[in-house]
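Structure record follows, encoded as structure tokens.
No lab work stands behind these numbers, since they all come straight from the coordinates. In this text, all values refer to a predicted model and were calculated from it rather than measured experimentally. A quick note on method: Cβ atoms are made from the backbone with ideal geometry, for glycine too, and the neighbour counts reach across all protein chains shown.
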Amino acid sequence: MTPFDAGRPGPEAGRSAALLGEILIDIRDGMDEVEGNIRSWSASPNPLIAELGAYLFQEKGKRLRPALLLLSARVSGYAGPEASSLAAVVEIIHTASLIHDDIVDNAGTRRGRPSVHSVWGPNVTVLLGDYLFIRSIGLALRSGDDRIIRVLADLSARMIEGELTEYAHGGDLGIPESRYYEIIDMKTASLFMAAARIGGMLGKLPPRDEAALSEAGRNLGMAFQIVDDLLDFGGDAGAIGKPILTDLAEGRITLPLIHALNDGAAGSAGRLAGMVGRKDLDASARDEVLSILRRSGSLEYAYGKAGAYVDDACKLLGRFPESPGRRALFRLADLVLERER
């Protein structure tokens, strides 16, 4: 049985907050530097950009991707200032991707607040997303390592490609599970992978160790997105900052839906298909959707897939010597599965 069947994503309330606190203990100074860089770089003499930047970054979020980069650098033996600078760049790229994502989805909220799209409109928001992507590449050019610059440039293109691929499959009830994994690999896991890889590059790891750390980051990113999709069905709306079944209403076909739609034993695939893309579902219909997913074992199936990715990540991390950084990365893996938002 998955924790999502009980309507919450973890074995005990507040567990994810406690894990996050444990993760950040040894990198608090670095994370403070990340926040300082973000505030500095989002400032602008242009009053509209300054207003938008203040709105975007006043809520810090979890900052998991910068934390992953800092911890990967620590595991690799690097503790210099460039890690914090590049971690801030990674967070700006992440923010740019969320802005574009909200435009495509016509999302009204993000992290419990009105989205930039809903406040300033699509024209300004498109330009802001473009500005942040370009700004991040300009900041990356300050690195003295051409390989890191290429990683960040390729990453931005790959994430946008993932967004386009997902859009092309919007409402596609026949999307295969393999294509779902391809999409979340591009949209989400690629950024986790890049964060871990950059940490390894800063520490000048041997190629095999750099590849192992990079792949561990990718696996964590895959698990993170699967859990994110599960939260749409079993999370707390107040914690995740948006109503449940938002993905379903927007026609986004995620792993639990793919499994349920292909589950002949459930006998309700047709009924479920008729609810995809509908924004007018009442409480009874929403309960029916969740009931179908539980009967088909789709929530448990998806949670199991996320767990398998986390297991693979931990196996790869296990090849590195014991250290506070490695222990924090294992806690981060736990957080990916147990987070509440």
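Overall, the chain carries a charge dipole of about 480 debye about its Cα centre when +1 sits on the Cβ of Lys and Arg and -1 on the Cβ of Asp and Glu, all other atoms neutral. In order along the stretch 115-121, the Karplus-derived 3J(HN,Hα) couplings, from 6.51 cos²θ - 1.76 cosθ + 1.60 at θ = phi - 60°, round to 5, 4, 4, 6, 8, 9, x Hz, and Gly and Pro are given as x. FRET efficiency for the pair D146 and D32, taken as 1/(1 + (r/R0)^6) with r the Cβ-Cβ distance and R0 = 41 Å, rounds to 0.90. Legend: translational diffusion of the chain by Stokes-Einstein, Rh = Kirkwood radius over C-alpha pairs, 4 °C, 1.567 mPa s; D = 63 µm²/s. Summary of packing: across the peptides 43-50, 179-186, the per-residue average of other C-beta atoms within 10 Å ranks them, highest first, as 179-186, 43-50. For the chain, the longest principal axis of the alpha carbon atoms and the long axis of helix 15-24 meet at an angle near 10°. Between L191, S118, L173, the Cα set farthest toward the positive side of the dipole of the chain (charges on each charged residue's Cβ, about the Cα centre) is that of L191.
Sorted from greatest to least, the principal axis extents spanned by the alpha carbons of the stretch 89-177 come out as 44, 35, 22 Å. Please report how far the C-alpha centroid of the stretch 64-111 lies from that of the stretch 130-153, rounded to the nearest whole angstrom. Comparing the Cα centres of the stretch 64-111 and the stretch 130-153, I get a distance of 13 Å.
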